[in-house]
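Right, one structure below, let's go through it.
The values are calculated or read from the model by the stated rules, or taken from the named source; none is laboratory data. Quick caveat, the model's predicted, so the values are computed rather than measured. Quick reminder, even Gly has a Cβ in these numbers, built from the backbone with ideal geometry, and neighbours come from all protein chains shown. Ligands, DNA and RNA are stripped out before the accessible areas are found, and what is left, the full protein with its side chains, is counted by its heavy atoms. Shrake-Rupley method; radii C 1.70, N 1.55, O 1.52, S 1.80 Å.
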Amino acid sequence: MQLNRLVIFYKTIGDPTRLRIMKMLSEGPLHGQAIAGKLGLTPATITHHLKRLREVNAVYERRDGNTIYFYLNGSVIKHYAKSLINLAGQDEVKKDMTDVMAERQKVIENFFTTDGRLKNIPAQRKKKLIVLEHMLKGLQKGKKYEEKELNEYIKKFHDDYATIRREFIINNYMYRENGIYELNPEEMWTKIE
């Protein structure tokens, strides 16, 4: 949706009288005289506000004989509300992802030496999971690893291969069957919170 259309819509409905009209119409259709009477305003004032609401399709009208009834256009209201949420959410999600990536990078820098060796296994669960996921990047999905082969891979990072191998299993990063290890799908991995 074009940003200027979104701005025009919210500027138009941002008037207190128009919001009251929309609230009344959310409970059912009304004609102009009824709206004017309930709000204590002149019919000319109500006509002005209804004209503005029609311009942005927030309301629509239907004639019944000589009387024109006004209806709230719920689908249009929902469309603009969803557009606003999406607009706000995109920036928020991008910021959150940037923050998460920066935090992960900081943990990796703190726990790994420049040559890629793990200094020590973090005690804090969140940091430990970040470290384990970083170590898993070199393993191939769908490939089956013998225990000895997996131990050699882990030794590139840290000498305590048994503890790390056990952490891979405990946190559902890998599964083991008859001494053969394989990566689980990422959806099964323990979530970092």
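Numbers below:
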| item | result |
| --- | --- |
| Pair LYS23, THR45: separation of 7 Å Cα→Cβ label points (nm) | 1.6 |
| Three principal axis lengths of region 1-144 [C-alpha, angstrom, descending] | 83, 32, 27 |
| Distant-in-sequence amide H partners of ASN73 (H built 1.01 Å from N, under 5 Å) | VAL59, TYR60 |
| Candidates PRO16, PRO122, PRO29, ranked by Gaussian network fluctuation over the chain, Cα under 10 Å, top entry | PRO16 |
| Share of alpha-carbon pairs per 5 Å distance bin for region 1-48, given as whole % | 4, 20, 26, 21, 13, 9, 5, 1 |
| Residue-normalised accessible area of region 1-117, given per residue in Å² at a 1.4 Å probe | 68 |
| Nitroxide proxy distance, nm - points 7 Å out along Cα→Cβ at GLU146 and LEU3 | 6.0 |
| Which listed pairs, of LYS82/LYS127; LYS23/LYS51; LYS148/LYS191; LYS38/LYS82; LYS106/LYS191; LYS82/LYS126, have C-alpha distances above 26 Å, in listed order | LYS82/LYS127; LYS148/LYS191; LYS38/LYS82; LYS82/LYS126 |
| Inter-part distance where region 19-62 and region 103-171 are each reduced to a Cα centre, Å | 64 |
| Computed [θ] at 222 nm, deg cm²/dmol, the chain (DSSP H ≥ 4; -39,500 (n - 2.57); rounded to nearest 500) | -18500 deg cm²/dmol |
| Whole-number D in µm² s⁻¹ for region 114-190, Kirkwood Cα-pair radius fed into Stokes-Einstein, 10 °C, 1.306 mPa s | 126 |
| Cα gyration tensor category, rounded, prolate or oblate, for region 39-83 with a/c compared to 1.5 | oblate |
| Cα gyration tensor shape of region 151-193, rounded if a/c is under 1.5, else prolate or oblate by comparing a/b with b/c | oblate |
| Accessible carbon and sulfur surface of region 21-147 relative to its total accessible area, %, 1.4 Å | 52 |
